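As structure tokens, the structure follows; a few thoughts come after it.
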Amino acid sequence: MGRAFSDITFTPNVRAMQERMGSREQYEGFDLMTNRADRLGRMEAGFIAQADHFYQATVSETGWPYVQHRGGPAGFLKVLDPKTVAFADFRGNVQYLSVGNLQKDDRISIIIIDYANQMRLKLIGRVRLVEAADDAELIERLRTPGYAARIERAFVITVEGYDWNCPQHITPRFTESEINAMTAPLHAQIKHLKEQLAASSARQSLSEQGASGDLPMTGAVNRPVVVTLKRSRKVIEVPASASILEAVEAAGVDARSSCRIGNCGACRVKVLAGTPEHRDNVLSEEARAKEMCICVSRASGDTLELDL
């Protein structure tokens, strides 16, 4: 809160209540501030620019306050300069309550809330209403491309003060676009896992067909392969129905592994001879030039030599 906001809102009755409730002392410093904080800075301008709604209050000639929700595309409330914000007044239910109130009293109070980040900014100012027919250039400046609502007039607000309000009691809420952005990586991972599962099921089906003698001649076919384990000094035969990893384990040779579906890279092994048929989803092209994931990948030929 700055000096300008406190000067306007801390009326004699408000100050008397602060005295009565014991909070006046903590606010006395505002009376001595040299910074009036009646000009919007970069933080305020950025916060306003991302808003897709706000609440405004005006007062009728009979003294009754009226609160109205204003909404539009993000950025429809625009900062024209550090002392001025404006927005296009879209045609609505034609009750003209706020517009009517402002004929008598040009003062307005606005609260802008970012529910997701539990932030809120309060503005107070004076409104100048500009009819659409009177300033076509201003109306075009406030128009949002692609938003077809009819603009009747512009609200041009001279900022008299502002206050960043505390985040207490703001329940986090998220827009559809915010939720979509947050869950997009999850949906992408689910899609990737489904594709992996489908590929794994297809490989298993091909293995089973190969074991029964009905192995088709197209697609990713599992063929028997002879694998030399150099460090273990073993030569093993890997049947079409087993992975190289399974055959290595069956031969009593320790080999690192984890997911067993070619997704983690834990079972990657250096290839010393032969050409792998890569079926994993983790190794880069550079890594594939010298390594393979033995849980899913096979051999393009009849033999392989591995650093195991």
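The values are calculated or read from the model by the stated rules, or taken from the named source; none is laboratory data. Source: prediction; values computed, not measured. Cβ coordinates were reconstructed from backbone atoms using ideal geometry, including for glycine residues, and neighbour counts include every protein chain displayed.
If we keep just the residues of segment 161-182 that are part of a strand (DSSP E or B) and of a type in the set (Phe, Trp, Tyr), which is surrounded by the most Cβ atoms within 10 Å (Cβ to Cβ)? Show your work before the answer.
From segment 161-182, those part of a strand (DSSP E or B) are 161-165; that's our starting set.
From the residues that got through so far, the ones that are of a type in the set (Phe, Trp, Tyr) too are 162, 164.
Numbers: 162: 25, 164: 16.
Residue satisfying both the conditions and the ranking: 162.
Among the residues of segment 139-160, which ones are touching a strand residue (DSSP E or B) at 6+ places or on another chain (Cβ under 6 Å) and not in a strand (DSSP E or B)?
Result: 139, 142, 149.
Please determine whether any residue of segment 138-152 is surrounded by 11 or more Cβ atoms within 10 Å (Cβ to Cβ), within 30 Å of residue 33 (Cα to Cα) and not hydroxyl-bearing (Ser, Thr, Tyr).
no
Based on what the data block shows, is residue 25 charged (D, E, K, R), over 28 Å from residue 117 (Cβ atoms) and either assigned by TED's automatic domain parsing to the domain that holds residue 145 or in a helix (DSSP H, G or I) (or both)?
Numbers: charged (D, E, K, R): yes; over 28 Å from residue 117 (Cβ atoms): yes; either assigned by TED's automatic domain parsing to the domain that holds residue 145 or in a helix (DSSP H, G or I) (or both): yes.
When the stated conditions are applied, residue 25 passes them.
Given the criterion in a loop (DSSP other than H, G, I, E, B), in the same structural domain as residue 165 (by TED's automatic domain parsing) and at negative phi, identify the matching residue among 92, 63, 75, 46. Break it down into steps so the answer makes sense when it comes.
Values: 63 fails: at negative phi; 75 fails: at negative phi; 46 fails: in a loop (DSSP other than H, G, I, E, B).
Unique residue meeting the criteria: 92.
Looking only at residues that are surrounded by 15 or more Cβ atoms within 10 Å (Cβ to Cβ) and more than 25 Å from residue 76 (Cβ to Cβ) in segment 10-50, which one is modelled with the lowest pLDDT?
Per the criteria, the residue is 30.
How many residues are more than 29 Å from the chain's Cα centre (by Cα) and of a type in the set (Asp, Glu) when one looks only at segment 50-80?
Here is the first cut: in segment 50-80, the ones more than 29 Å from the chain's Cα centre (by Cα) are 57-67.
If we keep only those that are of a type in the set (Asp, Glu) too, we end up with 61.
Qualifying residue count for the region: 1.
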